[in-house]
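One structure is given here, and the rest of the page talks about it.
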């Protein structure tokens, strides 16, 4: 089991290089936005990218997941599957980009009645088309284990977009249009390179039998993925309706402060799908999946404490004559622990997806995600008028809780895994107690917060969390044990 988990860790680390560096660089854009855009302007940016997130479901329609599933498990047909998936997305992307572009005058008022969004929608259509064209080539790199190439391209894309933002937003003062132009440049560069890499592996033709298999697996992802995006994005639109665009800007900037947690979940997601598909053929696959969930919760629990304890220091960090976040955005920091909890629940959903993929039960996903989407919409409608931005954050937690719980029930029926409930409970208790102590006594000086963070692994030791094989493994890594032969 240790060897399997080491393989997942190594894959996560490789994919994580690009995602950690890329998102860290991207996170540095947020102080640029908060210092050079008003809360209303940043609210407009957020709404445009929420629209891109929603439309991405339609542009990709689950083809990435379907492609990976068949590409990895039907090795004798890899080239035909690649060719069919790539050409299918090529045609649909061109058609959908044209439709969104010409329909911009109709779509713009649906995004926001408070701004002139037509040009934003037209630029968003180009972003969506390019990103959809890159889906299969990037997925192939993951499926082939070419993490170095994958990471390099992702990182180059982010660096180009960062440079574009500095030039267009800070120097030329182009606002949201500058951000979208930078995105187009980064996605366009990736498209050109990926096309050159992928073209030589394409077989001649388009194969109907593989297209049928891909669509059968993928199409349930349209309502399922749409519902997940609704859970993630609908709060921005509803805050805009109830509270105005300024509040959207403050809320979104606060949500970005949970990037550390979201970063880890996304790194895990990139490595997890190829890993569990390959591992599913092992005799101890379910035991491995159970252990992965335990370690996932332990790591995210520690990340929750770190970010929660130091988020206020981060936003007030002095950078020259400015602070990391402009003071107009500080009001949202109280929401960060709620966002972190929501992202942990999303990570549990990603983890629990293994059984649904392996048993090909994606047809049931819309039931789970639909329930979460309904929960999100209803909770936002009730809680935003009563609690404002905090209500929207709580609605996210409730929706992701429904998402994780629903998928657990589905997986339990078709691919039951015996999870380590006792160990999971110890993690939850340790994090809850330490966080409560840290918040109960107001603003603690940094040395006490560091001490509380150190108490987390210590509390797990005292509660007997670690098993003997884990202790031996850790001792060996620290040089205290004799390596096993």
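We did not get these values from a lab; they are worked out from the coordinates using the rules stated. Bear in mind that the values here come from a model prediction, so they are computed numbers and not experimental data. No Cβ is skipped: glycine too gets one built from the backbone with ideal geometry, and neighbour counts run over all protein chains shown.
Annotations
- The gain in end-to-end length when the residue 374 to residue 429 segment is fully stretched comes to 16.8 nm, 0.36 nm per residue minus the alpha carbon separation.
- Normalised per residue, the volume of the convex hull around the Cα set of the chain (Å³): 159 Å³
- Neighbour-count order for 409, 243, fewest beta carbons within 10 angstrom listed first: 409, 243
- A simple packing score, the average count of other Cβ atoms within 10 Å per residue, orders the peptides 341-350, 381-390 as 341-350, 381-390, with the highest score first.
- The stretch 56-74 and the stretch 391-455: distance between their alpha carbon centers, rounded to Å: 31 Å
- Over all Cα atoms in the stretch 266-362, the spread is summed up by Rg and Dmax: 18.4, 60 Å.
- The relative contact order of the stretch 133-279, computed from alpha carbon pairs under 8 Å that lie at least 6 residues apart in sequence, is 20 percent.
- Whether the stretch 69-174 is rounded, prolate or oblate, judged on the alpha carbon gyration tensor where a/c under 1.5 counts as rounded: oblate
- Extension gain, residue 458 to residue 75, is 133.3 nm, computed as 0.36 nm per intervening residue step minus the present C-alpha separation.
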